[in-house]
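Student: Below is one structure. I have some questions about it.
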Ligand code: AMP
Ligand code: MG
């Protein structure tokens, strides 16, 4: 891929966002912040622009992209039908960290959806993102703005490190508020199915959808959400998750630690690890704090050139489910029970 001249937008205002929108309209690719993670966006209706996303990320072509809208009012343009349940869901979570899979209209090119007859749609809860989409006057197809397989980017520094020289522009929106990707909910099957846990927890959706199902994402069958089959979110280091009673976890990790290993833990246990190579993701009392820090921690271990990460098994309540889904994937499901 030819190196491109990347514009860095450090103080996004209306003028610079309109300029970025022009880049999108002309078929370029732009990194923008959202409340979940940073996205790498292109005009969803322009196949050659969408191809640039796959090339820049090294993303497999059979992994479909989410299209991002600035407002629910334009949804009709892109999908065949809007199921009843979406009227309440959209009031609660659009804008928000919820992606819904719906039957697509032909206006969406096949490269966006990896030839599926469905399309994943989200409205980000971030003013910069929504303005960029609105000024572009289109839908923006965007996966996370990382090199495929690496931990998702939650900070400006992460996207500059991954995509400088590859994206036409990178917009600085500071640290992403939520820090894990959206929940992907399939509304095309008989019963709504969560294909990927994310920013909107199961319990919150269950309040609205009585017959809510959850896809088994750890099975080796062809998953309904194609992206779930890839090794994801992975730091360079190997990773092992230690699960069990807190004192035993502490003991086991301390007995295995050496100069080449790192520990990913919570605030409550941090002082009890002997090693200096330790990072605290947040308090066990605040799962959203842990969510906002995990990808940053995985990237920091890479910078520290750690060879193996020992990670605590965090609580899976609420957004904790999405956190452990990402960490287990990063660890290739490698868990030691103590
Ligand atoms: P990313 O944007 O990299 O966070 O990944 C988007 C996720 O949404 C991946 O797991 C995709 O497989 C999933 N996805 C996108 N479009 C569809 C679709 N039409 N049907 C099912 N899953 C989808
Ligand atoms: Mg991704």
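Student: What angle do you read, to the nearest 10 degrees and between 0 and 90, between the alpha-carbon axis of helix 47-57 and the longest principal axis of the chain?
Tutor: That works out to roughly 10 degrees.
Student: Let me ask something else about it. What nm value, rounded to one decimal, do you get for the distance between residue 315 and residue 74 when each label is placed 7 Å out toward the C-beta?
Tutor: Going from the residue 315 label point to the residue 74 one covers 4.0 nm.
Student: Determine, from the Cβ-Cβ distance of residue 248 and residue 61 and an R0 of 45 Å, the FRET efficiency 1/(1 + (r/R0)^6), rounded to the nearest 0.05. Mind dumping the intermediate values first?
Tutor: Values: r = 45 Å, r/R0 = 1.00.
Here the calculated transfer efficiency is 0.50.
Student: Still on this structure, I have one more. Going by a ≥ b ≥ c, the root eigenvalues of the Cα gyration tensor, does the range 99-150 fall in the rounded group (a/c under 1.5), the prolate group (a/b larger than b/c) or the oblate group? Intermediate results must be reported in sequence, preceding the final value.
Tutor: Details: a/c = 1.89, a/b = 1.22, b/c = 1.55.
Here the range 99-150 falls in the oblate category.
Student: Taking Cα atoms, how many degrees apart are the long axis of helix 320-330 and the longest axis of the chain, rounded to 10 and kept between 0 and 90?
Tutor: 80 degrees
Student: Round to the nearest 10 and give me the degree value, 0 to 90, for the angle of helix 246-256's Cα axis relative to the longest principal axis of the chain.
Tutor: Approximately 80 degrees, to the nearest 10.
Student: Please report the spacing between the Cα centers of the range 289-314 and the range 42-101 in Å, no decimals.
Tutor: Here the two parts' Cα centres lie 29 Å apart.
Student: Let a ≥ b ≥ c be the square roots of the eigenvalues of the Cα gyration tensor of the range 8-49; is it rounded (a/c under 1.5), or, if not, prolate (a/b larger than b/c) or oblate?
Tutor: Working: a/c = 2.50, a/b = 1.28, b/c = 1.96.
Oblate, since a/c reaches 1.5 and b/c is not below a/b.
Student: Need one number: nm distance between label points at residue 336 and residue 8, each 7 Å from Cα along Cα→Cβ, rounded to one decimal.
Tutor: Distance between label points: 4.1 nm.
Student: Would you work out the relative contact order for the chain, in percent, from Cα pairs under 8 angstrom that are 6 or more residues apart?
Tutor: Numbers: 757 pairs, mean separation 64.9, N = 338.
In percent, rounded to a whole number, it is 19.
Student: List the extent of the Cα atoms of the chain along each of their three principal axes, largest first, rounded to whole Å.
Tutor: Taking the Cα atoms of the chain, the three principal extents are 57, 49, 33 Å.
Student: Let me ask something additional. Over all directions, how big on average is the projection of the convex hull of the alpha-carbon atoms in the range 8-133, in square nanometres?
Tutor: Details: hull surface 30.2 nm².
With every direction weighted equally, the projected area is 7.6 nm².
Student: Going by how many other Cβ atoms sit within 10 Å of their own, how do 239, 80, 1 line up, fewest first? Intermediate results must be reported in sequence, preceding the final value.
Tutor: Working: 239 23, 80 14, 1 9.
Going from least to most buried by this count: 1, 80, 239.
Values quoted throughout were computed directly from the atomic coordinates according to the rules given, and no laboratory measurement underlies them. Since the model is a prediction, treat every value here as computed from it, not as a measurement. Cβ sites come from the backbone with ideal geometry, for glycine too, and all protein chains shown count toward neighbours.
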